[in-house]
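The structure under discussion appears below in the form of structure tokens.
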Amino acid sequence: MHVPTLIARKRDGAELTRDEIQQVISAFTRGDMPDYQMSALAMAVFFRGMTAEETAALTEAMLRSGSTLKWPAHAPMRVDKHSTGGIGDKTSLVIAPLLACDGVWVPMISGRGLGITGGTLDKLESIPGFRTQLGEDEIYRTVEKTGCALVGQTTGICPADKKLYALRDVTGTVPSIPLITASILSKKLAEGLDRLILDVKHGSGAFMRTYDDANALARSMVGTAKVLGLRASVHINAMNEPTGRAAGNALEVAEAVACLQGRGPADLEEICLNLAAAVSISSREQLRQKLHDGSAWRKFQQIVAVQGGEVSALEKMHLVHRAPVIQEIRAARSGVLARMDAYQVGLAVLELGAGRAKASDPVDFAVGCDEIAKTGTQMRAGDVLCRVHARSESAAGQAGRTVLEGVAWAE
């Protein structure tokens, strides 16, 4: 294999073979292919794209770069959900225990936040003691006990993806549909799933800004999953305003707890039910009952306990992580709220310290926004548009101004 020739061929729009892709990924994972060559190849893919066959081959090669979870013969159906991310997207915290109390197993490998997009692991780690980094043996034991594990990527699972994503993040090649597809599906295939539901977002607070881009990514992921033997379905959802009424780590855990107790925001409950019903045994209405009769809430408490978290903290997250400054942002006029822009809320939350500008940044569990008003709400001057939780008055003021830049009123 002559890597410069392969890079040049892809640069010129040629199709790489399955064997060529496998050799490249193997060499890169072993450390035999320098980062600058993989960066060049990623950029060639970014501009030239990949065929469906190439994308499937890349996904398979990344999957084969490490270990996979292997379940016993007696295991029930394994399912998972993946979201392409957004603002206030705490759906995994609700869907995982909801499905686990439905008799299926949910070995959910999640990620951390980057930029304006929050990460499930960061939210979980705001629960005191909660362990997200489990070895594969611990994952098996946790799933056997609770029907679910909420964990980060292990060192053995898809090491090629971890190395390649780190390069993409600093070389401007993150928004490539073939590379996104391979990154997501290699990890999901490594979970040993029977079924997968994909939540692909579009809009101001999403990775894919337009419906057409979201649809292209959805088609790529479903098609690639089918080729590799995984039954996947997709929901395409708008992310023009935050999901629910909270954005920020501990604030979102508190809202997820409310949803698991049957008292969460209507939009959060609806999207969770829609996604869970796509891979569940029970009907959508039966799943709703599990949210309202305490079943899902009890399951979440069990998962938290088994993974080392303090169950007693779940209903007092606002006290466990309390920001020094809580400032209400109020409407300057009366009218119908036409826009509460997800991007601006996400940017405010990032500025406050709840997210990461780069992967090595720490996150602040306490800060963020809650009581975020929903579009379509009839409001009066002085009503609360949102509350900002901040480390200082100046930080709260800046975040409030950022949020207000994304507010618009119906005339």
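With respect to being under 18 Å from THR224 (Cα atoms), outside the structural domain of ASP213 (by TED's automatic domain parsing) and modelled with pLDDT of 95 or more, ASP19 fits the description.
Criterion first (in contact with a strand residue (DSSP E or B) (Cβ under 9 Å, 6 or more places away or on another chain), more than 20 Å from LYS81 (Cα to Cα), in a helix (DSSP H, G or I) and assigned by TED's automatic domain parsing to the domain that holds LEU93) does ALA254 satisfy it?
Values: in contact with a strand residue (DSSP E or B) (Cβ under 9 Å, 6 or more places away or on another chain): yes; more than 20 Å from LYS81 (Cα to Cα): yes; in a helix (DSSP H, G or I): yes; assigned by TED's automatic domain parsing to the domain that holds LEU93: yes.
The answer is yes for ALA254.
For segment 348-371, the count of residues that are touching a Leu at 6+ places or on another chain (Cβ under 9 Å), over 30 Å from VAL174 (Cβ atoms) and of a type in the set (A, V, I, L, M) is zero. Whenever a residue of segment 124-135 is at positive phi, its partners that are in a loop (DSSP other than H, G, I, E, B) and charged (D, E, K, R), lying with C-beta atoms within less than 8 angstrom and at least six residues away or across chains, give the pairs GLY129/GLU310.
Taking the criterion of being farther than 23 Å from ALA238 by Cβ and either surrounded by fewer than 18 Cβ atoms within 10 Å (Cβ to Cβ) or of a type in the set (D, E, K, R) (or both), the residues of segment 275-294 that qualify are ILE281, SER283, GLU285, GLN286, GLN289, LYS290, HIS292, ASP293, GLY294.
Within segment 154-164, the presence of at least one residue that is of a type in the set (Lys, Arg), touching a residue at least 12 places away in the same chain (Cβ under 8 Å) and out of contact with any helix residue (DSSP H, G or I) (no Cβ under 6 Å at 6 or more places or on another chain) is confirmed. Being in the same structural domain as VAL106 (by TED's automatic domain parsing), part of a helix (DSSP H, G or I) and either more than 17 Å from ALA342 (Cβ to Cβ) or touching a residue at least 24 places away in the same chain (Cβ under 8 Å) (or both) holds for only one residue in THR173, THR243, THR224, and it is THR224. None of ALA250, ALA277, ALA254 is without any contact (Cβ under 8 Å) to a residue 40 or more places away in the chain and under 20 Å from the mean Cα position of the chain (by Cα) except ALA277. Inspection of segment 189-198 identifies at least one residue that is in a helix (DSSP H, G or I), in the same structural domain as PHE130 (by TED's automatic domain parsing) and buried (at least 18 other Cβ atoms within 10 Å of the Cβ). Going through (1) in contact (Cβ under 8 Å) with a residue 40 or more places away in the chain; (2) not assigned by TED's automatic domain parsing to the domain that holds VAL174 one by one, GLY31 falls short only on (1).
Farther than 26 Å from HIS235 by Cα, at pLDDT 95 or above and surrounded by fewer than 23 Cβ atoms within 10 Å (Cβ to Cβ): which single residue out of ARG64, ARG78 fits that description? Among ARG64, ARG78, only ARG64 is farther than 26 Å from HIS235 by Cα, at pLDDT 95 or above and surrounded by fewer than 23 Cβ atoms within 10 Å (Cβ to Cβ). ASN237 meets the conditions (1) of a type outside the set (A, V, I, L, M); (2) closer than 30 Å to ARG387 by Cβ; (3) assigned to a helix (DSSP H, G or I) in every case but one. The failed one is (3).
The values are calculated or read from the model by the stated rules, or taken from the named source; none is laboratory data. This structure is a prediction, so every number in the text was calculated from the model and none was measured. FYI the Cβ positions are ideal-geometry reconstructions off the backbone, even for glycines, and counts take in every protein chain you see.
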